[in-house]
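Derivation of every value follows stated rules applied to the coordinates shown; laboratory data play no part. As the structure is a computational prediction, the values presented were derived from the model and not from experiment. When we count neighbours, we look across all protein chains shown, and the Cβ atoms used for this are built from the backbone with ideal geometry, even at glycine.
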Amino acid sequence: MILLQVTTVADSAIVNASDSSVNLFDLLLKGGYVMIPLLLLSAAAIAIFVERVLTIKRSAKTPPGLLNQVKALVTEGKIDQAKMICSQNETPIAKMLEKGVSRIGSPLKNIEVSIENVGKVEIYRLEKNLSLLATISGAAPMIGFLGTVTGMIQAFIAIAQEEGSVSPKLLSEGIYEAMITTAVGLSVGIIAYLGYNYLVTQVQKVIHKMEYTSVEFIDLLQESK
């Protein structure tokens, strides 16, 4: 008999817990209008991250041995062939080499400046929208806090309008609904921040390769003088 009562109590507790549970979609809806900009920021962060990852990977795929091929052709005086090999690739390193090869015959300082200008343009393309991703990582938590503050204000207004004793359920629901925006804002901000730092690291790797290639090419021109 006692075992039957315990089982009945346990079953009723499970039913009540399942009834009171809230799925993720309903939970997000309870965040209010502030959830709209947060969801838009999260979508923008994901789109920027995916687009930048694909762009940086394409930029980093320089054909192996390209620099050695260009150096060998330049040493042999086959300038046109060296330019043709560079033009067949759209990576930043290939574009820098192509510009340097096309300026052979000019003063060495002019060649260096030309390569640096191409490098600056390519770096700007690599870093495109990274500042926007950094802005999202900082703005999302602040928007989430704003939603929490406005939600708390609404909760306390509702409490103030209650006559008699305030229901603990009313107070708890108002607080947790207000805290939803903080949780979502922090989540979006953390993801955007991690994505931003990852992309910056990958861009720095490509920039290092570009700098190494330009130095090697300039050294070749100095040796061939």
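Taking the square root of 5 times each eigenvalue of the Cα gyration tensor, what semi-axes in Å does the equivalent ellipsoid of segment 53-135 have, largest first?
In descending order, the three semi-axes are 27, 16, 7 Å.
Please give the contour-minus-distance gain from Met152 to Ala72: 0.36 nm per residue of separation, less the Cα-Cα distance, rounded to one decimal in nm.
Additional length available on full extension: 21.7 nm.
Quick check: the distance between the Cα centres of segment 126-157 and segment 195-216, to the nearest angstrom?
Between the Cα centre of segment 126-157 and that of segment 195-216, the gap is 30 Å.
Can you work out ³J(HN,Hα) from phi for every residue in segment 108-119, in order, using Karplus 6.51 cos²θ - 1.76 cosθ + 1.60 and θ = phi - 60°, giving whole Hz and x for Gly and Pro?
4, 5, 5, 5, 4, 5, 4, 5, 5, 5, 5, x
So, in nm, how far is label Met142 from label Val121 when the simple model puts each one 7 Å beyond its Cα toward the Cβ?
A separation of 3.5 nm, rounded to one decimal place.
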